[in-house]
Amino acid sequence: MRRVYLIPALFASLFSMVPGGSAQEAAKIIDQYVKAAGGSKALAKIQTFGVDGTIREADEEHSGTYTFRVKQPNRLYSEFREKGKTHIEAYNGKSAWHESDSGEIGTLLGPQAVGLEAAAQYYNSRFLALSKRKINAVSKGAASILGRPTFEIALTYPSGIASEVYFDQATHLIVAEKSNFAGIPQEIDYDDYREVNGVRVAYKLEIHRGGDVYQVDVTRVAINEPIGERVFDFPIKSQVKLPDLKKLFEEIDANQKEIDKIKENYAGTQVEEEYEYDKNGKVSKKEVNEYTFFYLNGDEITTLVSKNGQPLSVEEQKKENEKTQKRIESEQKKEKKKEEKEEKAKEEGKESKDSDDPGIEVFLRVSQFVNPRRERFRGQDVLVFDFEPNPEYKPKNLVEHVVKELAGVVWIDEKAKDVVRLEAYFVGDVHIGGGMLANLQKGTSFTFEQAYINNEVWLPTYVEGHVGVRVLLVKGFRVSVVTRYSDYKRFNIETLNTMGKPKEAADTPTKP
(Lines give C-alpha, C1' and ligand atoms only; values in the text may rest on other atoms or scores of the structure.)
Protein backbone atom coordinates (compact mmCIF):
# COMPACT_ATOMS: atom_id res chain seq x y z
CA MET A 1 0.00 0.00 0.00
CA ARG A 2 2.76 2.43 0.94
CA ARG A 3 4.37 2.09 -2.50
CA VAL A 4 1.11 2.48 -4.40
CA TYR A 5 -0.30 5.82 -3.35
CA LEU A 6 2.58 8.19 -4.03
CA ILE A 7 4.30 7.83 -7.38
CA PRO A 8 5.36 11.44 -7.99
CA ALA A 9 7.91 10.54 -10.65
CA LEU A 10 5.12 9.31 -12.88
CA PHE A 11 2.63 12.17 -12.53
CA ALA A 12 1.88 14.12 -15.73
CA SER A 13 -0.15 16.80 -17.49
CA LEU A 14 -0.32 16.54 -21.25
CA PHE A 15 -1.47 18.41 -24.33
CA SER A 16 -1.79 15.99 -27.23
CA MET A 17 -0.45 16.88 -30.64
CA VAL A 18 -2.90 18.15 -33.24
CA PRO A 19 -1.15 18.32 -36.61
CA GLY A 20 -1.49 21.52 -38.62
CA GLY A 21 -4.16 24.16 -38.06
CA SER A 22 -4.08 27.64 -36.53
CA ALA A 23 -4.54 28.47 -32.86
CA GLN A 24 -5.09 32.16 -33.70
CA GLU A 25 -7.84 31.35 -36.18
CA ALA A 26 -9.44 29.04 -33.60
CA ALA A 27 -9.43 31.85 -31.03
CA LYS A 28 -11.24 34.12 -33.51
CA ILE A 29 -13.93 31.49 -34.28
CA ILE A 30 -14.42 30.78 -30.59
CA ASP A 31 -14.74 34.50 -29.80
CA GLN A 32 -17.47 34.79 -32.46
CA TYR A 33 -19.29 31.81 -30.92
CA VAL A 34 -19.10 33.24 -27.39
CA LYS A 35 -20.64 36.52 -28.55
CA ALA A 36 -23.39 34.73 -30.51
CA ALA A 37 -24.19 32.38 -27.60
CA GLY A 38 -24.85 35.25 -25.21
CA GLY A 39 -21.50 36.81 -24.37
CA SER A 40 -18.71 35.87 -22.00
CA LYS A 41 -20.38 37.47 -18.95
CA ALA A 42 -23.59 35.46 -19.36
CA LEU A 43 -21.73 32.21 -20.08
CA ALA A 44 -19.31 32.73 -17.18
CA LYS A 45 -22.22 33.01 -14.73
CA ILE A 46 -23.41 29.48 -15.54
CA GLN A 47 -22.63 27.19 -12.62
CA THR A 48 -25.20 24.51 -13.42
CA PHE A 49 -26.92 23.61 -16.67
CA GLY A 50 -29.68 21.07 -17.18
CA VAL A 51 -31.68 19.78 -20.14
CA ASP A 52 -34.81 17.60 -20.14
CA GLY A 53 -36.24 16.23 -23.34
CA THR A 54 -38.22 13.51 -25.06
CA ILE A 55 -36.24 11.04 -27.09
CA ARG A 56 -37.02 8.35 -29.60
CA GLU A 57 -34.99 6.37 -32.07
CA ALA A 58 -35.35 7.65 -35.62
CA ASP A 59 -37.26 4.54 -36.70
CA GLU A 60 -39.39 4.15 -33.55
CA GLU A 61 -42.69 5.70 -32.53
CA HIS A 62 -42.27 5.08 -28.80
CA SER A 63 -40.80 8.11 -27.03
CA GLY A 64 -38.37 7.97 -24.17
CA THR A 65 -36.63 10.57 -22.04
CA TYR A 66 -33.31 12.36 -22.24
CA THR A 67 -31.64 14.04 -19.25
CA PHE A 68 -28.41 16.01 -19.25
CA ARG A 69 -26.80 17.80 -16.29
CA VAL A 70 -23.46 19.55 -15.83
CA LYS A 71 -22.11 21.43 -12.83
CA GLN A 72 -18.93 23.41 -12.34
CA PRO A 73 -16.11 22.64 -12.30
CA ASN A 74 -16.27 19.16 -13.84
CA ARG A 75 -19.48 17.25 -13.04
CA LEU A 76 -21.50 15.54 -15.77
CA TYR A 77 -24.58 13.31 -15.93
CA SER A 78 -26.17 11.94 -19.14
CA GLU A 79 -29.22 9.64 -19.15
CA PHE A 80 -31.10 7.91 -21.97
CA ARG A 81 -34.34 6.05 -21.23
CA GLU A 82 -36.15 4.34 -24.10
CA LYS A 83 -37.94 1.04 -24.81
CA GLY A 84 -37.70 0.05 -21.15
CA LYS A 85 -33.93 0.40 -21.06
CA THR A 86 -31.73 2.93 -19.30
CA HIS A 87 -28.22 4.00 -20.15
CA ILE A 88 -26.38 6.42 -17.85
CA GLU A 89 -22.89 7.90 -17.97
CA ALA A 90 -21.58 10.22 -15.26
CA TYR A 91 -18.45 11.82 -13.91
CA ASN A 92 -18.54 12.99 -10.28
CA GLY A 93 -15.22 14.84 -10.20
CA LYS A 94 -13.29 11.80 -8.98
CA SER A 95 -14.44 8.77 -10.95
CA ALA A 96 -16.52 7.92 -14.00
CA TRP A 97 -19.32 5.36 -13.91
CA HIS A 98 -22.14 4.04 -16.04
CA GLU A 99 -25.34 2.06 -15.90
CA SER A 100 -25.66 -0.21 -18.92
CA ASP A 101 -28.83 -1.25 -20.76
CA SER A 102 -28.79 -4.47 -18.73
CA GLY A 103 -28.95 -2.50 -15.47
CA GLU A 104 -25.34 -3.21 -14.49
CA ILE A 105 -23.66 -0.37 -12.62
CA GLY A 106 -19.89 -0.10 -12.70
CA THR A 107 -16.86 2.16 -12.61
CA LEU A 108 -15.46 3.06 -16.00
CA LEU A 109 -11.75 2.43 -16.57
CA GLY A 110 -9.00 3.50 -18.91
CA PRO A 111 -9.91 5.50 -22.02
CA GLN A 112 -13.61 5.51 -21.15
CA ALA A 113 -12.97 7.11 -17.76
CA VAL A 114 -10.48 9.59 -19.20
CA GLY A 115 -12.89 10.42 -22.02
CA LEU A 116 -15.82 11.08 -19.73
CA GLU A 117 -13.67 13.37 -17.58
CA ALA A 118 -12.75 15.25 -20.78
CA ALA A 119 -16.44 15.52 -21.67
CA ALA A 120 -17.14 17.02 -18.23
CA GLN A 121 -14.38 19.58 -18.83
CA TYR A 122 -15.71 20.41 -22.29
CA TYR A 123 -19.36 20.93 -21.39
CA ASN A 124 -18.48 23.01 -18.33
CA SER A 125 -16.00 25.22 -20.17
CA ARG A 126 -18.43 26.75 -22.70
CA PHE A 127 -15.29 27.76 -24.60
CA LEU A 128 -14.20 30.15 -21.85
CA ALA A 129 -10.65 30.07 -20.40
CA LEU A 130 -9.74 26.88 -22.26
CA SER A 131 -6.07 27.35 -21.43
CA LYS A 132 -6.80 27.19 -17.70
CA ARG A 133 -8.45 23.83 -18.25
CA LYS A 134 -5.48 22.87 -20.45
CA ILE A 135 -7.77 22.34 -23.46
CA ASN A 136 -5.99 23.04 -26.74
CA ALA A 137 -8.01 24.45 -29.69
CA VAL A 138 -6.85 24.51 -33.31
CA SER A 139 -8.73 25.57 -36.45
CA LYS A 140 -9.06 22.87 -39.12
CA GLY A 141 -10.61 25.14 -41.75
CA ALA A 142 -13.99 25.07 -43.47
CA ALA A 143 -16.26 22.02 -43.58
CA SER A 144 -19.76 21.23 -44.77
CA ILE A 145 -22.03 19.71 -42.10
CA LEU A 146 -25.69 18.92 -42.76
CA GLY A 147 -25.40 20.96 -45.93
CA ARG A 148 -24.32 24.05 -43.99
CA PRO A 149 -20.93 25.80 -44.30
CA THR A 150 -19.08 25.58 -40.99
CA PHE A 151 -15.70 26.18 -39.39
CA GLU A 152 -14.14 23.11 -37.74
CA ILE A 153 -12.25 23.36 -34.44
CA ALA A 154 -10.21 20.42 -33.11
CA LEU A 155 -9.94 20.20 -29.32
CA THR A 156 -7.43 18.18 -27.33
CA TYR A 157 -7.51 17.67 -23.57
CA PRO A 158 -4.75 17.13 -20.98
CA SER A 159 -5.36 13.38 -21.17
CA GLY A 160 -4.89 13.29 -24.97
CA ILE A 161 -8.59 12.84 -25.77
CA ALA A 162 -9.66 14.69 -28.93
CA SER A 163 -12.98 15.96 -30.29
CA GLU A 164 -14.26 18.19 -33.11
CA VAL A 165 -16.76 21.04 -33.01
CA TYR A 166 -18.39 22.67 -36.05
CA PHE A 167 -19.58 26.31 -35.97
CA ASP A 168 -22.09 27.78 -38.42
CA GLN A 169 -20.30 30.37 -40.58
CA ALA A 170 -23.38 32.61 -40.58
CA THR A 171 -24.75 32.37 -37.02
CA HIS A 172 -21.45 31.31 -35.35
CA LEU A 173 -23.41 28.84 -33.17
CA ILE A 174 -22.51 25.16 -32.83
CA VAL A 175 -23.94 22.97 -35.58
CA ALA A 176 -22.39 19.65 -34.54
CA GLU A 177 -19.93 17.92 -32.21
CA LYS A 178 -18.04 14.71 -32.91
CA SER A 179 -16.37 12.78 -30.13
CA ASN A 180 -15.47 9.41 -28.70
CA PHE A 181 -15.61 10.51 -25.08
CA ALA A 182 -16.85 7.27 -23.51
CA GLY A 183 -15.39 4.81 -25.99
CA ILE A 184 -18.44 5.06 -28.27
CA PRO A 185 -18.35 7.20 -31.45
CA GLN A 186 -20.90 9.97 -31.02
CA GLU A 187 -22.12 12.91 -33.06
CA ILE A 188 -24.61 15.48 -31.77
CA ASP A 189 -26.31 17.82 -34.26
CA TYR A 190 -27.84 21.03 -32.89
CA ASP A 191 -30.75 23.10 -34.23
CA ASP A 192 -33.61 25.42 -33.23
CA TYR A 193 -31.67 27.76 -30.93
CA ARG A 194 -33.69 29.77 -28.41
CA GLU A 195 -32.75 32.25 -25.72
CA VAL A 196 -32.84 31.14 -22.06
CA ASN A 197 -31.66 33.59 -19.40
CA GLY A 198 -29.68 35.48 -22.00
CA VAL A 199 -27.98 32.34 -23.38
CA ARG A 200 -28.69 30.70 -26.77
CA VAL A 201 -29.60 27.02 -26.34
CA ALA A 202 -30.49 24.38 -28.99
CA TYR A 203 -33.96 22.85 -28.57
CA LYS A 204 -33.56 20.12 -31.18
CA LEU A 205 -30.80 17.51 -31.01
CA GLU A 206 -30.00 14.52 -33.19
CA ILE A 207 -27.68 12.14 -31.39
CA HIS A 208 -25.78 9.50 -33.34
CA ARG A 209 -24.41 7.08 -30.78
CA GLY A 210 -22.67 3.96 -32.05
CA GLY A 211 -25.20 2.48 -34.46
CA ASP A 212 -28.21 4.25 -32.92
CA VAL A 213 -29.81 7.55 -33.88
CA TYR A 214 -31.98 9.48 -31.40
CA GLN A 215 -34.16 12.51 -32.03
CA VAL A 216 -34.41 14.77 -28.98
CA ASP A 217 -37.00 17.50 -28.49
CA VAL A 218 -35.94 19.64 -25.55
CA THR A 219 -38.82 20.32 -23.18
CA ARG A 220 -36.99 22.21 -20.43
CA VAL A 221 -33.69 24.04 -19.94
CA ALA A 222 -32.55 25.00 -16.43
CA ILE A 223 -29.67 27.41 -15.91
CA ASN A 224 -28.21 27.85 -12.41
CA GLU A 225 -30.91 25.85 -10.69
CA PRO A 226 -29.44 23.95 -7.69
CA ILE A 227 -28.08 20.49 -8.58
CA GLY A 228 -26.91 18.38 -5.64
CA GLU A 229 -23.73 16.31 -5.75
CA ARG A 230 -25.93 13.25 -5.26
CA VAL A 231 -26.97 13.52 -8.94
CA PHE A 232 -23.45 12.70 -10.12
CA ASP A 233 -22.64 10.03 -7.52
CA PHE A 234 -23.14 6.30 -7.82
CA PRO A 235 -26.77 5.21 -7.27
CA ILE A 236 -27.53 4.38 -3.65
CA LYS A 237 -28.66 0.89 -4.67
CA SER A 238 -25.10 0.12 -5.79
CA GLN A 239 -23.44 1.49 -2.65
CA VAL A 240 -22.44 -0.39 0.47
CA LYS A 241 -21.40 0.62 3.96
CA LEU A 242 -17.70 1.30 4.18
CA PRO A 243 -15.81 -1.02 6.51
CA ASP A 244 -13.60 0.39 9.26
CA LEU A 245 -11.06 2.02 6.94
CA LYS A 246 -8.47 2.58 9.67
CA LYS A 247 -8.51 -1.12 10.46
CA LEU A 248 -8.57 -2.11 6.77
CA PHE A 249 -5.62 0.13 5.87
CA GLU A 250 -3.65 -1.09 8.90
CA GLU A 251 -4.24 -4.67 7.73
CA ILE A 252 -3.10 -3.76 4.20
CA ASP A 253 0.05 -2.13 5.55
CA ALA A 254 0.76 -5.06 7.86
CA ASN A 255 0.20 -7.50 5.01
CA GLN A 256 2.69 -5.68 2.76
CA LYS A 257 5.67 -7.58 4.16
CA GLU A 258 4.02 -10.90 3.34
CA ILE A 259 3.15 -9.66 -0.14
CA ASP A 260 6.72 -8.49 -0.67
CA LYS A 261 8.00 -11.96 0.20
CA ILE A 262 5.66 -13.60 -2.33
CA LYS A 263 6.65 -11.06 -4.99
CA GLU A 264 10.29 -12.09 -4.60
CA ASN A 265 9.32 -15.39 -6.23
CA TYR A 266 8.54 -13.58 -9.49
CA ALA A 267 10.51 -12.06 -12.36
CA GLY A 268 9.22 -10.41 -15.50
CA THR A 269 9.62 -7.88 -18.28
CA GLN A 270 8.64 -4.23 -18.32
CA VAL A 271 8.49 -1.80 -21.23
CA GLU A 272 8.59 1.90 -20.41
CA GLU A 273 7.48 4.57 -22.89
CA GLU A 274 8.35 8.15 -22.06
CA TYR A 275 7.17 11.22 -23.96
CA GLU A 276 8.24 14.84 -23.50
CA TYR A 277 6.15 17.68 -24.93
CA ASP A 278 7.04 21.19 -26.04
CA LYS A 279 5.06 24.31 -25.14
CA ASN A 280 2.68 23.67 -28.06
CA GLY A 281 1.84 20.18 -26.84
CA LYS A 282 3.79 18.41 -29.59
CA VAL A 283 5.98 15.42 -28.82
CA SER A 284 9.56 16.69 -28.60
CA LYS A 285 11.17 13.47 -27.42
CA LYS A 286 10.20 9.81 -27.17
CA GLU A 287 12.07 6.94 -25.56
CA VAL A 288 11.11 3.28 -25.26
CA ASN A 289 13.16 1.15 -22.89
CA GLU A 290 12.76 -2.55 -22.10
CA TYR A 291 13.90 -4.09 -18.83
CA THR A 292 13.95 -7.43 -17.10
CA PHE A 293 13.24 -7.22 -13.37
CA PHE A 294 12.65 -9.05 -10.14
CA TYR A 295 11.70 -7.93 -6.63
CA LEU A 296 13.96 -7.44 -3.63
CA ASN A 297 12.64 -6.14 -0.31
CA GLY A 298 9.46 -5.10 -2.12
CA ASP A 299 11.29 -2.97 -4.70
CA GLU A 300 11.85 -3.64 -8.39
CA ILE A 301 15.42 -4.46 -9.40
CA THR A 302 15.56 -3.69 -13.12
CA THR A 303 18.13 -4.36 -15.81
CA LEU A 304 17.96 -2.47 -19.09
CA VAL A 305 18.12 -4.81 -22.12
CA SER A 306 17.06 -2.63 -25.08
CA LYS A 307 16.56 1.03 -26.04
CA ASN A 308 14.10 2.15 -28.69
CA GLY A 309 13.76 -1.40 -29.97
CA GLN A 310 17.50 -2.06 -30.26
CA PRO A 311 19.20 -4.63 -27.96
CA LEU A 312 22.19 -3.32 -26.01
CA SER A 313 25.66 -4.23 -27.17
CA VAL A 314 27.67 -6.73 -25.13
CA GLU A 315 29.68 -3.91 -23.53
CA GLU A 316 26.56 -1.83 -22.78
CA GLN A 317 24.84 -4.84 -21.27
CA LYS A 318 27.85 -5.54 -19.08
CA LYS A 319 27.67 -2.00 -17.67
CA GLU A 320 23.95 -2.34 -17.03
CA ASN A 321 24.51 -5.63 -15.22
CA GLU A 322 27.14 -3.96 -13.04
CA LYS A 323 24.66 -1.21 -12.15
CA THR A 324 22.11 -3.83 -11.20
CA GLN A 325 24.62 -5.65 -9.03
CA LYS A 326 25.41 -2.41 -7.17
CA ARG A 327 21.71 -1.81 -6.67
CA ILE A 328 21.32 -5.30 -5.18
CA GLU A 329 24.20 -4.69 -2.78
CA SER A 330 22.74 -1.30 -1.81
CA GLU A 331 19.32 -2.83 -1.13
CA GLN A 332 20.88 -5.55 0.99
CA LYS A 333 22.79 -2.99 3.08
CA LYS A 334 19.69 -0.86 3.49
CA GLU A 335 17.63 -3.85 4.58
CA LYS A 336 20.32 -4.93 7.03
CA LYS A 337 20.39 -1.45 8.63
CA LYS A 338 16.62 -1.47 8.84
CA GLU A 339 16.61 -4.84 10.57
CA GLU A 340 19.27 -3.66 13.03
CA LYS A 341 17.24 -0.54 13.74
CA GLU A 342 14.10 -2.59 14.34
CA GLU A 343 15.97 -5.01 16.57
CA LYS A 344 17.44 -2.17 18.62
CA ALA A 345 14.05 -0.52 18.97
CA LYS A 346 12.58 -3.84 20.06
CA GLU A 347 15.25 -4.27 22.74
CA GLU A 348 14.53 -0.75 24.01
CA GLY A 349 10.81 -1.42 24.02
CA LYS A 350 10.14 1.14 21.29
CA GLU A 351 8.32 0.88 18.01
CA SER A 352 10.45 1.43 14.93
CA LYS A 353 8.93 3.21 11.95
CA ASP A 354 10.42 3.60 8.51
CA SER A 355 10.96 7.35 8.13
CA ASP A 356 10.65 7.08 4.35
CA ASP A 357 7.17 5.59 4.64
CA PRO A 358 4.51 8.26 5.28
CA GLY A 359 1.98 5.58 6.17
CA ILE A 360 -1.60 5.15 5.05
CA GLU A 361 -2.76 7.05 8.13
CA VAL A 362 -1.91 10.24 6.24
CA PHE A 363 -4.83 9.57 3.91
CA LEU A 364 -7.12 8.89 6.84
CA ARG A 365 -6.24 12.30 8.24
CA VAL A 366 -6.36 14.50 5.15
CA SER A 367 -8.85 12.71 2.87
CA GLN A 368 -12.50 11.78 2.99
CA PHE A 369 -13.98 8.67 1.38
CA VAL A 370 -17.27 8.52 -0.52
CA ASN A 371 -19.32 6.39 -2.91
CA PRO A 372 -18.35 2.95 -1.55
CA ARG A 373 -19.47 0.03 -3.73
CA ARG A 374 -18.59 -3.57 -4.46
CA GLU A 375 -17.66 -4.60 -7.99
CA ARG A 376 -15.91 -7.31 -9.96
CA PHE A 377 -12.44 -6.44 -11.21
CA ARG A 378 -10.41 -8.88 -13.32
CA GLY A 379 -12.71 -11.62 -12.05
CA GLN A 380 -12.18 -10.82 -8.36
CA ASP A 381 -14.61 -9.26 -5.86
CA VAL A 382 -13.29 -5.86 -4.77
CA LEU A 383 -14.27 -2.87 -2.66
CA VAL A 384 -14.25 0.43 -4.59
CA PHE A 385 -14.55 3.96 -3.25
CA ASP A 386 -13.66 7.52 -4.18
CA PHE A 387 -11.43 9.76 -2.11
CA GLU A 388 -11.09 13.54 -2.08
CA PRO A 389 -9.45 16.23 0.06
CA ASN A 390 -10.99 16.83 3.46
CA PRO A 391 -11.71 20.60 3.37
CA GLU A 392 -11.63 20.85 7.19
CA TYR A 393 -8.12 19.44 7.63
CA LYS A 394 -5.09 21.76 7.77
CA PRO A 395 -1.93 20.00 6.50
CA LYS A 396 1.09 20.13 8.83
CA ASN A 397 3.97 18.99 6.59
CA LEU A 398 4.97 18.47 2.94
CA VAL A 399 3.57 14.93 2.72
CA GLU A 400 0.21 16.08 4.04
CA HIS A 401 0.23 19.05 1.64
CA VAL A 402 0.79 16.66 -1.29
CA VAL A 403 -1.85 14.15 -0.21
CA LYS A 404 -4.28 16.99 0.57
CA GLU A 405 -4.33 17.86 -3.15
CA LEU A 406 -5.11 14.30 -4.30
CA ALA A 407 -8.48 12.93 -5.38
CA GLY A 408 -9.42 9.78 -7.22
CA VAL A 409 -10.72 6.24 -6.88
CA VAL A 410 -9.22 3.08 -5.39
CA TRP A 411 -10.01 -0.63 -5.82
CA ILE A 412 -9.12 -2.96 -2.90
CA ASP A 413 -9.14 -6.75 -2.65
CA GLU A 414 -10.22 -7.15 0.98
CA LYS A 415 -9.38 -10.85 1.01
CA ALA A 416 -5.86 -10.44 -0.38
CA LYS A 417 -5.50 -7.14 1.53
CA ASP A 418 -3.95 -5.27 -1.37
CA VAL A 419 -4.70 -2.35 -3.69
CA VAL A 420 -5.51 -3.68 -7.17
CA ARG A 421 -6.09 -0.41 -9.00
CA LEU A 422 -5.64 3.26 -8.20
CA GLU A 423 -6.47 6.41 -10.16
CA ALA A 424 -5.43 9.73 -8.64
CA TYR A 425 -4.91 13.30 -9.76
CA PHE A 426 -4.05 16.65 -8.23
CA VAL A 427 -7.00 18.99 -7.71
CA GLY A 428 -4.61 21.91 -7.20
CA ASP A 429 -0.98 22.89 -7.66
CA VAL A 430 1.60 21.53 -5.21
CA HIS A 431 4.38 23.99 -4.40
CA ILE A 432 7.75 22.50 -3.46
CA GLY A 433 9.91 24.91 -1.47
CA GLY A 434 7.11 27.47 -1.53
CA GLY A 435 7.07 27.23 -5.31
CA MET A 436 10.70 28.39 -5.58
CA LEU A 437 12.06 24.89 -6.29
CA ALA A 438 9.19 23.33 -8.23
CA ASN A 439 5.48 23.55 -8.85
CA LEU A 440 3.64 20.28 -9.53
CA GLN A 441 0.70 21.41 -11.62
CA LYS A 442 -3.01 20.80 -11.14
CA GLY A 443 -4.23 17.90 -13.28
CA THR A 444 -1.04 15.90 -12.81
CA SER A 445 -2.24 12.31 -12.52
CA PHE A 446 -1.39 8.64 -12.45
CA THR A 447 -3.00 5.24 -12.81
CA PHE A 448 -1.72 2.03 -11.21
CA GLU A 449 -3.15 -1.41 -11.99
CA GLN A 450 -2.37 -5.00 -10.95
CA ALA A 451 -3.45 -8.51 -11.96
CA TYR A 452 -4.00 -11.56 -9.77
CA ILE A 453 -1.19 -13.93 -10.80
CA ASN A 454 -1.34 -17.68 -10.24
CA ASN A 455 -4.27 -17.19 -7.88
CA GLU A 456 -1.61 -16.11 -5.39
CA VAL A 457 -0.67 -12.43 -5.49
CA TRP A 458 -1.54 -9.13 -7.17
CA LEU A 459 1.38 -7.94 -9.34
CA PRO A 460 1.71 -4.70 -11.36
CA THR A 461 0.61 -4.80 -14.98
CA TYR A 462 0.22 -1.14 -15.94
CA VAL A 463 1.32 2.25 -14.66
CA GLU A 464 0.51 5.49 -16.46
CA GLY A 465 1.57 8.94 -15.32
CA HIS A 466 1.18 12.47 -16.65
CA VAL A 467 3.43 15.10 -15.07
CA GLY A 468 3.28 18.87 -15.42
CA VAL A 469 6.07 20.67 -13.52
CA ARG A 470 7.56 24.14 -13.39
CA VAL A 471 11.11 24.21 -11.97
CA LEU A 472 12.78 27.21 -10.30
CA LEU A 473 9.95 29.51 -11.46
CA VAL A 474 11.33 29.36 -14.99
CA LYS A 475 11.43 26.07 -16.82
CA GLY A 476 8.21 24.16 -17.32
CA PHE A 477 7.89 20.73 -18.85
CA ARG A 478 5.33 18.02 -19.42
CA VAL A 479 6.09 14.33 -19.46
CA SER A 480 3.98 11.23 -19.99
CA VAL A 481 5.20 7.80 -18.88
CA VAL A 482 3.52 4.46 -19.53
CA THR A 483 4.97 1.23 -18.10
CA ARG A 484 3.64 -2.19 -19.05
CA TYR A 485 4.56 -5.36 -17.14
CA SER A 486 4.42 -8.83 -18.71
CA ASP A 487 5.91 -12.32 -18.85
CA TYR A 488 5.72 -12.96 -15.12
CA LYS A 489 7.52 -16.21 -14.22
CA ARG A 490 8.23 -17.86 -10.95
CA PHE A 491 11.88 -18.14 -10.03
CA ASN A 492 13.61 -21.46 -10.62
CA ILE A 493 17.18 -22.56 -11.32
CA GLU A 494 16.95 -21.60 -14.97
CA THR A 495 15.53 -18.12 -14.43
CA LEU A 496 17.97 -17.42 -11.61
CA ASN A 497 20.88 -18.16 -13.93
CA THR A 498 19.54 -16.18 -16.90
CA MET A 499 17.83 -13.26 -15.20
CA GLY A 500 18.48 -10.16 -17.29
CA LYS A 501 21.19 -11.88 -19.36
CA PRO A 502 21.27 -11.46 -23.15
CA LYS A 503 22.69 -14.30 -25.14
CA GLU A 504 26.18 -12.77 -25.47
CA ALA A 505 26.43 -11.24 -21.99
CA ALA A 506 28.16 -12.76 -19.02
CA ASP A 507 28.29 -12.22 -15.28
CA THR A 508 24.67 -11.10 -15.16
CA PRO A 509 23.50 -10.19 -11.64
CA THR A 510 20.90 -12.52 -10.19
CA LYS A 511 18.51 -12.48 -7.29
CA PRO A 512 20.43 -13.16 -4.07
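The values are calculated or read from the model by the stated rules, or taken from the named source; none is laboratory data. These figures come from a predicted structure and were not determined experimentally. We place every Cβ from the backbone using ideal geometry, glycine too, and count neighbours over all the protein chains shown.
Residues checked against (1) under 17 Å from GLY141 (Cα atoms); (2) among the hydrophobic types (A, V, I, L, M, F, W, C); (3) in a loop (DSSP other than H, G, I, E, B); (4) modelled with pLDDT under 50:
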{"site": "LEU6", "(1), (2), (3), (4)": "no, yes, yes, yes"}
{"site": "GLU25", "(1), (2), (3), (4)": "yes, no, no, no"}
{"site": "LYS28", "(1), (2), (3), (4)": "yes, no, no, no"}
{"site": "ASP31", "(1), (2), (3), (4)": "yes, no, no, no"}
{"site": "LYS35", "(1), (2), (3), (4)": "no, no, no, no"}
{"site": "LYS41", "(1), (2), (3), (4)": "no, no, no, no"}
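State which residue is farthest from SER125 (Cα to Cα) when the search covers only region 164-197 and only residues that are modelled with pLDDT of 95 or more and among the small types (Gly, Ala, Ser). Applying the filter and picking the extreme gives ALA170.
I need every pair where a residue in region 416-432 that is in the same structural domain as LYS94 (by TED's automatic domain parsing) and on the phi < 0 side of the Ramachandran plot has its Cβ under 6 Å from the Cβ of a residue that is at pLDDT 85 or above and surrounded by fewer than 21 Cβ atoms within 10 Å (Cβ to Cβ), sequence separation at least 6 or different chains. Cβ pairs passing all conditions: none. Number of residues in region 187-210 that are outside any strand (DSSP E or B) and among the small types (Gly, Ala, Ser): the value is 2. For region 164-175, the condition holds for at least one residue, the condition being that it is under 22 Å from THR54 (Cα atoms) and touching a residue at least 60 places away in the same chain (Cβ under 8 Å).
Within region 357-396, if we keep just the residues that are part of a loop (DSSP other than H, G, I, E, B) and within 17 Å of GLY428 (Cβ to Cβ), the residue that is modelled with the lowest pLDDT turns out to be PRO395.
Do you know which of the residues in region 154-186 that are part of a loop (DSSP other than H, G, I, E, B) and more than 28 Å from the chain's Cα centre (by Cα) is surrounded by the most Cβ atoms within 10 Å (Cβ to Cβ)?
Initially, region 154-186 is screened for residues part of a loop (DSSP other than H, G, I, E, B), giving 157-161, 169-173, 180-185.
Going one step further and asking which of them are more than 28 Å from the chain's Cα centre (by Cα), we end up with 169-173.
Working: GLN169: 15, ALA170: 10, THR171: 15, HIS172: 19, LEU173: 17.
By that ranking, first place goes to HIS172.
Residues of region 276-294 include none that is within 30 Å of GLU89 (Cβ to Cβ), surrounded by fewer than 18 Cβ atoms within 10 Å (Cβ to Cβ), among the acidic types (Asp, Glu) and touching a residue at least 40 places away in the same chain (Cβ under 8 Å).
Restricting region 116-162 to residues that are of a type in the set (Phe, Trp, Tyr) and touching a Phe, Trp or Tyr at 6+ places or on another chain (Cβ under 7 Å), which is nearest to LEU43 (Cα to Cα)? Full working, then the answer.
Of the residues in region 116-162, the ones of a type in the set (Phe, Trp, Tyr) are 122-123, 127, 151, 157.
Right, trim to touching a Phe, Trp or Tyr at 6+ places or on another chain (Cβ under 7 Å) and you get 127, 151.
Values: PHE127: 9, PHE151: 21 Å.
The qualifying residue nearest to LEU43 (Cα to Cα) is PHE127.
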